[in-house]
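Encoded as structure tokens, the structure appears first; notes follow it.
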Amino acid sequence: MKTKLAALLLRAATGAFADGQLNSSDFPPIDIEEPKADAHGDFSSNFAMVMAAVQKMAPRKIAESITAKLEDPEGILLKTEIAGPGFINFFVRPSAWLPVLKEIHQTDERFGHANIGNGEKVQVEFVSANPTGPLHVGHGRGAAVGDSFGNILSACGYDVQKEYYINDSGRQIRTLGLSVYLRLKAISGDPVDFPADCYQGDYIRELAEDIQQGTELDLTRIPEEAAISRCARFAAKKILAGIRSDLDAFGVHFDRWFSEQSLFDKGLVDSAVAEFKGRDVIYENEGALWFRTSAFGDEKDRVVVRSNGQTTYFASDIAYHKDKFERGFERVIDVWGADHHGYIPRMTAAVEASGIHRSNFQVILVQLVNLLRGGAPVAMSTRAGEFVTLRDVVDEVGRDAARFIFLTRHYESPLDFDLELAKQQTNENPVYYVQYVHARISSILRKATERGVSRPGGNNRHLDLLTTPEDIQLIKTLARFPDTLQAAARMMEPHRVSYYLMDLASGFHAYYNKRRVLTDDQGLTQARLTLVLGVQTVIRNGLRLLGVSAPDRM
RNA sequence: GCCCCCGUAGCUCAGUGGAUAGAGCACCGGAUUCCUAAUCCGGGUGCCGCAGGUUCGAUCCCUGCCGGGGGCACCA
């Protein structure tokens, strides 16, 4: 509808210029918006105001010239008005909305999808938690945001790959191995001191018990480094399996799990370092190798190989992101926790040094989650192993509620996640409010079948019986869905879909209380069944993008 | 000290440079012989943190300040 109106405006403006009514044919891009106030019509454009300076004319005067030339061959418009400082307001003929229902019926699960992405290859990397412990609630938020955003991009015509980067190499993994090893020794009675940086959760104890059961070898009696390394590999593998299963339970699936260690195994870290060294982007100072990130906007240079010869995680990250673009992704999006924001300049620098334009690398910084129970903070400490895991949360409040709540805030806002609230089935927990629409409509359909009412196709001839303001209002809301998805994709804001669904749900519930779907009038019943089927389809499509189920009964 | 995010109704939060800034919760009152009451309808709230600037127009963009949270390493 918006694109149609924009085309009409442009044609009218061109006509007005040809007639000498306008001074310039240098027209700005046409922006059509939906006014908040009904009195301002269904759509509105600031076209005339925006070009006032170029035309050297009063905005209202321009608007008059344009609307005078406005043609409406399809009869979409009831009227146009010039209002305020020069807005052109469009009032759409109610029946012009009806074809939307046909479109929903025809495109069904693809309704709302678009092709603004043009098949562009995009990678979304998210979660990527180190396999040193179970996922916590913050990871859950990143998972919900990354997964849903990936879904939305796919729906908008991007060729999306979702990837999880496994930090299965380096210092933290060794610390994990050491933690398990020391716990193992403690279990077998050796006196041990646990260094402060060791992990101490119950899961470490379980891992220690598991590894000893799984082998004939007494790991406390073999050389220490070998034992630690063995513990590390075992523990990382086991924890990663747990992470996969937790994400699976959360409804999050990755196209690829990318191992950091594989970069070393293929020599990609060494070759990246060598390449940048050859180009003098990496240089040596005080025995360490430094990446010249300051030449690309970072505040100072960063170490990639320490003076003891060990590479830093940054070194792997450089090789990893280089590899991403070499795999053909035109755009790479990383979803990180907000505590990593200081890492953005150096990563961007590395990408740019690799010959990629910095705008092709984007980071979504997801703010922290405060876990509450009944308003009181839940104390958590990763090192001490006292925390509520993502799995705990999903088990307690359910996958649907958890996923939806993570997407009811802009990701740049800190989120209070209250476990008690998440379990409540009130309007403060809107996932049920939205799902209830789907269930209610299923119920209407069951009732219709019971009464022997046939289910309408999209082409039913009775749609023009949908004439009440409530009918039209609901269809208008449905018509907004494609725009909502595109805005969510363009602005990288999946929460827009959640808010849209709440809005649609509110519209439907109001409709349900005011109008009957199954009436004595066969034609009207057919028409309204088509309408509520449309609502159900859009709810289902939206929820699917968010990874939330659409139940037929509640 | 430097960097990032936040500051909008009593609370939790939406808000794409546009017109009279919106929801939910909480509070009060009402609606169900009839498709699921996990629902709906009515009732009122705002120096959009403060001060400048850009603009025909700023909650939105820019600068400074105030308040809250997070981050600064040859850690990740």
Report task. Pick out, in residue order, every one of the GluC sites (Glu not before Pro) in the range A:42-127 that is DSSP loop and has at most 15 other C-beta atoms within 10 Å; say none if there are none. Result -> A:Glu71, A:Glu74, A:Glu120
Query - Local net charge near A:Ala401, Cβ-Cβ under 13 Å (Lys/Arg +1, Asp/Glu -1) - result: -3
Report task. Just need the relative contact order of the range A:2-92 here, percent rounded to a whole number, with Cα pairs under 8 Å and 6+ apart. Result -> 31 percent
Query - Pair A:Ile187, A:Gln425: separation of 7 Å Cα→Cβ label points (nm) - result: 4.3 nm
Query - Inter-probe distance in nm under a simple model that places probes 7 Å from Cα toward Cβ, at A:Ser454 and A:Ser24 - result: 6.0 nm
**Report entry** Cross-link partners of A:Lys514 among lysines (Cα-Cα below 25 Å; sequence separation of 8 or more within a chain)
**Finding:** A:Lys36, A:Lys102, A:Lys447, A:Lys476
Report summary line: To the nearest 0.05, the calculated FRET efficiency linking A:Lys79 and A:Asn118 through their beta-carbon distance, R0 being 30 Å, is 0.25
Query - Mean accessible surface per residue for chain A, computed with a 1.4 Å probe while every protein chain stays in place, in Å² - result: 46 Å²
Report summary line: The distance between the Cα centres of the range A:134-179 and the range A:266-319, in whole Å, is 25 Å
Report task. Using DSSP to define loop residues, name the trypsin sites (Lys or Arg not before Pro) in the range A:1-60 whose beta-carbon has at most 12 other beta-carbon atoms within 10 Å. Result -> A:Lys36, A:Lys56
Report task. Using +1 at the Cβ of each Lys and Arg and -1 at the Cβ of each Asp and Glu in chain A, identify which of A:Leu22, A:Asn118, A:Gly297 lies farthest towards the dipole's positive end. Result -> A:Leu22
Query raised in the report: For chain A, which whole percent of the accessible surface, found with a 1.4 angstrom probe, sits on carbon and sulfur atoms?
Result: 48 percent
Requested in this report: Jot down the per residue volume, in cubic angstrom and as a whole number, of the convex hull over the alpha-carbon atoms of chain A.
Outcome: 199 Å³
Query raised in the report: In nm, to one decimal, how far is the A:Met491 label point from the A:Arg171 one, both placed 7 Å along Cα→Cβ?
Result: 4.0 nm
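About the Cα centre of the range A:428-546, what is the dipole size in debye to 20, counting +1 per Lys and Arg Cβ and -1 per Asp and Glu Cβ, all else neutral?
Dipole magnitude for the range A:428-546 comes out near 260 debye.
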Requested in this report: Scan around A:Asp159 for amide H atoms under 5 Å from its own, H built in the peptide plane at 1.01 Å from N, and keep only partners 5 or more places away or cross-chain.
Outcome: A:Gly119, A:Glu120, A:Lys121, A:Val122
Report summary line: Normalised Cα Rg of the range A:288-437, dividing by 2.2 N^0.38 Å with N its residue count, works out at 1.37
Report task. Collect residues whose amide H, placed 1.01 Å from N in the peptide plane, falls under 5 Å from the amide H of A:Thr312; neighbours closer than 5 in sequence don't count. Result -> A:Val305, A:Arg306
Query raised in the report: Which lysines does A:Lys69 reach when only Cα atoms under 18 Å apart count, and residues fewer than 8 places away in its own chain are ignored?
Result: A:Lys4, A:Lys61, A:Lys79
Query raised in the report: In the range A:447-485, which trypsin sites (Lys or Arg not before Pro) fall in coil by DSSP and have 12 or fewer other Cβ atoms within 10 Å?
Result: A:Arg451, A:Arg461
Report summary line: For A:Asn370, the residues 5 or more places away or on another chain with a placed amide H closer than 5 Å to its own amide H are A:Leu415, A:Asp416, A:Phe417
Requested in this report: May I ask for the distance between the Cα centers of the range A:443-507 and the range A:29-45, given as a whole number of Å?
Outcome: 21 Å
Report summary line: Dividing the helical contributions, -39500 (n - 2.57) per DSSP H run of n ≥ 4, by the residues of chain A yields a 222 nm value, nearest 500 deg cm²/dmol, of -15000 deg cm²/dmol
Query raised in the report: Dipole of chain A, Cα-centred, from +1 at each Lys and Arg C-beta and -1 at each Asp and Glu C-beta, to the nearest 20 debye?
Result: 1320 debye
Query raised in the report: Which one of A:Leu478, A:Phe508, A:Val532 is farthest out on the positive end of the charge dipole of the range A:402-554, using unit charges on Cβ (Lys, Arg +1; Asp, Glu -1) and the Cα centre as origin?
Result: A:Val532
Report task. Please report the Cα spread of the range A:2-92 along all three principal axes, rounded to whole Å, starting with the longest. Result -> 32, 27, 19
Requested in this report: Report, in debye and to the nearest 20, how large the dipole of the range A:1-128 comes out about its Cα centre when Lys and Arg carry +1 and Asp and Glu carry -1 on their Cβ.
Outcome: 340 debye
**Report entry** Cα-Cα pairs of the range A:428-546 separated by more than 26 Å (percent)
**Finding:** 20 percent
Requested in this report: Please give every one of the lysines within straight-line cross-link reach of A:Lys322, meaning a C-alpha to C-alpha distance under 20 Å, and leave out same-chain neighbours fewer than 8 residues apart.
Outcome: A:Lys121, A:Lys162, A:Lys266, A:Lys277
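The values are calculated or read from the model by the stated rules, or taken from the named source; none is laboratory data. Remember, it's a predicted structure, so these values are computed and weren't measured experimentally. Every residue, glycine among them, receives a Cβ derived from its backbone with ideal geometry; neighbour counts consider all protein chains shown. Note: areas computed on protein heavy atoms with side chains; ligands, DNA, RNA excluded. Shrake-Rupley method; radii C 1.70, N 1.55, O 1.52, S 1.80 Å.
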